[in-house]
Every structure is written in structure tokens, then in C-alpha cells.
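**Q** Here you go, one structure.
Just so it is clear, none of the values below were taken in a lab; they were calculated from the coordinates. All values derive from a computational prediction rather than experimental measurement. When we count neighbours, we look across all protein chains shown, and the Cβ atoms used for this are built from the backbone with ideal geometry, even at glycine.
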Amino acid sequence: MATKSLRSFLENGLTHLKENGLYNEIETVHGANGPMITIGSKNFINLSSNNYLGLATDARLKKVAHEAIDSHGVGSGSVRTINGTLDLHDKLENKLAAFKGTEAAIAYQSGFNCNMAAISAVMDKQDVIFSDALNHASIIDGCRLSKATIIRYGHSDMDDLRKKAIDAISSGKYKKMMVITDGVFSMDGDIAKLPDMVEIAEELDLITYVDDAHGSGVTGNGYGTVKQFGLEDKIDFQVGTLSKAIGVVGGYVAGKRTLVDWLKVCSRPFLFSTALSPADIAASLKAIELLMDSKELNQKLCENGNYLKQGLEKLGYNIGTSETPITPCIIGDEKETQQFSKRLYDEGVYAKSIVFPTVPKGTGRIRNMPTSAHTKEMLDQTLAVYEKVGKEMGMIKESL
């Protein structure tokens, strides 16, 4: 490395992260990412995957993906606006609109891309965005890219949102106003107060934007958080991902036809990035069809989530305010959280530690992600490991 300043910056930065329990070790999974995974030569119960419904390894999705490669090739060949829009893209977007209860939908290469694309295509430096304090990093970055004024409101604090929106209106500074929130908050598993948010938005003329990456396939009988509250006609932007419960990769924005038409000509990731591959589109289509035809996987996910939560609470762990299968065990101290995760790893449970900057300092947690593919035996074994490690580290008191 030729530049001394860069070398010094990197070495000092990495040392600081490691000394403070903030450095994330990355392990390589050998084979598929299912309820059990293999790292090196060891098998683990996998509780760190977003593969909520087990569809990432589903034989039905693999079959249609192979067929799409045979019929359409391995790549789409271009950006959507030249000749990269395949008939499969049209089918996917029509299916997504039906799934989300909207007039239209537009597909992107990732959920992160959705927030980069959609926010900046509509909001600019003349506007203001009210953003929940615990919104995902992609929302934060999308807001920054738009150059709009960003005003954070307290997490799910509707009184704070109303006050700040009224103050912004009174200032007379802004042309448009948007309120943006996750549907399900990925680190705590709680659900946004969408009915209250919509009430405020209608009163004060706020554009409504919900990123339901962790809600689609999970809440609302699988249809998502907006559907759970019956607000399909009240939310301007429904954003989702194809890489979590859907089990593939990609993202989408669903809403009015005029919104989608605008995004197709004004959102930069759509204009300047090669379109989703045929195999990914076909597999996503199949996953959505399965979700719309049956609630079996969704019900199994909820059962497994509740079972793990109840077991961890019975052991005395703090699982916070989760209303979904996302189950954090809040440890607090970053180094202790990292150590706890490593002990779980030693005992055959893969559950990653989540620390600053992903969550605020002092709120380190083990984020457990049970899926519909986990068996009761796997969850019982996980709880037994949590009990053993908790007692070793003094988090669970031995019975008298």
C-alpha cells in the first residue's frame, strides 16, 4: 500500500474496532443457507438468516429458476430502459402489485437500491423528510441522497412526529413533506404504528413511505404490515425486498401507476444498473404465488417465533418489544455480547452478535431469526444452549 495516510487510517481504525468489541468476524457458509448450515467442518443451528420461510432452498423455486435459465439465459443483458426488460419482469411486477394491493410495482436489484432510487426520485432540497429514529441504514442513506432536510422523530413516537411536522409547516420552508418508516424494525422486531401515522399524514398532507422488508411474508398473513392494518390505499410507497421471506434477491416499490411510471424514468438505479436476472425473477414469482395460495409457511414461522420467544423469556432473557419472529436477546455491553455469541457458536448455535453502529451503544444483542424451516427439536436444542451459556456467563442464576 503506497499511501501512508491510508495505511495508518485503516490500521488504527481496525485496531480500535477490535479493542472495543465492534469488529465483525465474517464466516463462510459451505453449501446452502438453511435452518442448518456448515461452517468449516462443523454443523450449526442457523439463527442468523433472513430466510424466514425457508424458500431460499425450496425445490419448487430451484426448479423454475433452472427453467428460466434454459429459456432466458443467466442474465438480462441490459438495463431496463434499453432492452433489459424481459417478459418475466412484466410478470413479476404485475404479481407484486397484486400481492401488495396496488395499481403497479417496479422491481429493483436490491432492497437497498429501492431506497436509493425511490426517495431521491421524488424528494429534493426543497423538501423535508420525517424519519423514524430507528429506520434502516438504507432509508437513512436514501434520505441523504435526496438532499432534502431530514428531521428524525422519536421511535414510533407519533406525538413527536405530529409536533415536528406542524413546526415544519409553520416555517414555510418546504415544498413537499414525507414521513418514512420501516414496517417492521429489523433489530427489535416491533411494528410501526401505521394507522396513527396515516392519520397524521392525511391531516397534514404528508407523503407516506413504508419499507416493509421484514414485514412482507411475515405480517398480515404474509402480505405485509400495510395489509395487516388494511392501509393499501393509504400508503403512497410500499417498499419491499425479494431477498428475505421471498428467499431470492432484489426489491420493489409498489404504489399508484403514476408513481411507478415516474420511477421508471427518474430513479437512477433503474436507469443505470443491469436488470434482475431471469432465474431470480422466476424464483421470486414462484415464491409470491406460494405465499398468495397458502398460509402454511407463514403460520409455521409464527409458531416457531412464538415458541423461541417464550422459551427465552422463561430463561430470563430480555427480548425487548418484538411483535414478530425477530427475537433479540439484549445483552448490553459490546464485548460481552460478542463473547456470548462466540460461546453459542462453540456449542453449535449460529446466532450473530449485533453491536454499534447497527444498534446504539450499550444495547448489544444476539439477534435470533427463527424460520418456518426450523424444527421443534432444533429450537429445543437452541434453548438448551442458551441456558448453558447463560449460566456460565452469569446471566442465568442456578436453581437453588
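**Q** Starting from the Cα gyration tensor of region 58-293, multiply each eigenvalue by 5, take the square root, and state the resulting semi-axes largest first in whole Å.
**A** 31, 19, 13
**Q** Oh, and also: Round to a whole angstrom and tell me the spacing of the C-alpha centers of region 231-275 and region 172-227.
**A** Region 231-275 and region 172-227 have Cα centres separated by 15 Å.
**Q** Hey, got the Cα dimensions of region 1-146 along the principal axes, in Å, largest first?
**A** On the principal axes, region 1-146 reaches 55, 51, 36 Å in Cα extent.
**Q** If you don't mind, there's one more thing I want to ask. Which length gain, in nm to one decimal place, applies between residue 32 and residue 293 when the Cα-Cα distance is subtracted from 0.36 nm times their residue separation?
**A** Result for the pair: 91.4 nm of gain on full extension.
**Q** I've got another one for you. Counting only DSSP beta bridges with both residues in the chain, what percent are antiparallel, rounded to the nearest 5?
**A** Once the DSSP bridges in the chain are tallied, antiparallel ones form about 55 percent.
**Q** OK, next. Using only alpha carbons, build the gyration tensor for the chain and give me the equivalent ellipsoid semi-axes, biggest first, whole Å.
**A** 34, 27, 23
**Q** Could you give each residue of region 188-199 its phi-based ³J(HN,Hα) in whole Hz, using Karplus coefficients 6.51, -1.76, 1.60 with θ = phi - 60°, and x for Gly or Pro?
**A** Per-residue couplings from phi come out as 10, x, 8, 10, 5, 8, 5, x, 5, 4, 5, 4 Hz.
**Q** Computed FRET efficiency, Cβ-Cβ of residue 82 and residue 141, R0 30 Å: what is it to the nearest 0.05?
**A** After rounding, the FRET efficiency stands at 0.65.
**Q** Another question about this same structure. What residues from region 1-29 fall in the zone where the backbone N is under 16 Å from a label point 7 Å along the Cα-to-C-beta line of residue 356?
**A** Those under the cut-off are 13-24.
**Q** Once you put a point 7 Å from the Cα of residue 203 and another 7 Å from the Cα of residue 346, both along the Cβ direction, what distance in nm separates them?
**A** 5.5 nm
**Q** Over what distance in Å are the Cα centres of region 37-90 and region 321-347 separated?
**A** 29 Å
**Q** Let me test this: with uniform point scatterers at the alpha carbons of region 268-400, what is the Debye-based log₁₀ I(q)/I(0) at q = 0.22 1/Å?
**A** Each listed q maps to, in turn, -1.24.
**Q** Whose amide H sits under 5 Å from the amide H of residue 109, counting only residues 5 or more places off or on another chain, with H placed in the peptide plane?
**A** 251
**Q** Right, here's the next one. At residue 393 and residue 150, where each label point lies 7 Å from the Cα along Cα→Cβ, what is the point-to-point distance in nanometres?
**A** 3.1 nm
**Q** For a quick check of your reading of the filter: which trypsin sites (Lys or Arg not before Pro) in region 139-218 sit in a DSSP loop and have no more than 12 other Cβ atoms within 10 Å?
**A** 173, 175
**Q** I want the local charge near residue 123. Using Cβ-Cβ distances under 15 Å, sum +1 for each Lys or Arg and -1 for each Asp or Glu among the other residues.
**A** Summing Lys and Arg as +1 and Asp and Glu as -1 gives +1.
**Q** Continuing with the same structure: Charges only on Cβ, +1 for Lys and Arg, -1 for Asp and Glu: so what's the dipole of region 58-293 about the Cα centre, in debye to the nearest 20?
**A** 620 debye
**Q** Let me have the relative contact order for the chain, percent, based on Cα pairs under 8 Å that are six or more residues apart.
**A** Once divided by the residue count of the chain, the mean separation gives 22 percent.
**Q** How large is ³J(HN,Hα), in whole Hz, for each residue of region 79-95 in order, when computed from phi with the Karplus curve 6.51 cos²θ - 1.76 cosθ + 1.60 and θ = phi - 60°, using x for Gly and Pro?
**A** 6, 4, 7, 9, 9, x, 8, 8, 4, 5, 4, 4, 4, 4, 5, 5, 5
**Q** Would you please classify the overall shape of region 17-83 from the alpha carbon gyration tensor, given that a ≥ b ≥ c denote the square roots of the eigenvalues, rounded means a/c under 1.5, and beyond that prolate means a/b larger than b/c while oblate covers the rest?
**A** Judged from the Cα gyration tensor, region 17-83 comes out oblate (a/c at least 1.5, b/c at or above a/b).
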